[in-house]
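Read through the structure below, which is laid out as structure tokens, and then see the notes.
The values are calculated or read from the model by the stated rules, or taken from the named source; none is laboratory data. Predicted, not measured: the structure shown is a model, and the values here were computed from it. Backbone-built Cβ (ideal geometry, glycine too); neighbour counts: all protein chains shown. To get the accessible areas, we keep the full protein, side chains included, count just its heavy atoms, and leave off ligands, DNA and RNA. Shrake-Rupley method; radii C 1.70, N 1.55, O 1.52, S 1.80 Å.
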Amino acid sequence: MSSEPDNLQILISKYRTMDIYELEANIDNWDNENDCQSLVIAKKELVIKYKERQEQIELLTKSLTSSSRAGRWISSVKAVIKQLLKFKK
């Protein structure tokens, strides 16, 4: 009975080491084989990987925007406008 949780941990560790494309291919295979337990775990890991990927994309986009010349100009103009509004009050 204790081997089942160990097998699940091994399976989860295996899926976490796969990239998104490998995991998708395995999900397609398991879908055809009707391996429900593996399929559920793999789909959960895929969702986690997609969320992590989206967070990385958003972080990189934010970083690129803030480091671009236009982004810096926009930030500077916003700061000046905020200061002017403070002085008016």
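Can you give me the % of accessible surface on the chain that is carbon or sulfur? Probe 1.4 Å, all protein chains present, nothing else counted.
Summing carbon and sulfur atoms, their accessible area is 58 percent of the total for the chain.
Which whole-number value in Å² is the accessible area per residue of the chain, probe 1.4 Å?
Here the residues of the chain average 86 Å² of exposed surface.
With a Cα-only, solvent-free Debye model of the chain, what are the log10 I(q)/I(0) values at q = 0.20 Å⁻¹?
-0.95
Among all lysine pairs in the chain that are eight or more places apart or on different chains, how many have alpha carbons less than 15 angstrom apart?
5
Would you mind computing, in nm to one decimal, how far apart the modelled labels at A70 and K14 are, each placed 7 Å from Cα along Cα→Cβ?
Modelled inter-label distance: 4.8 nm.
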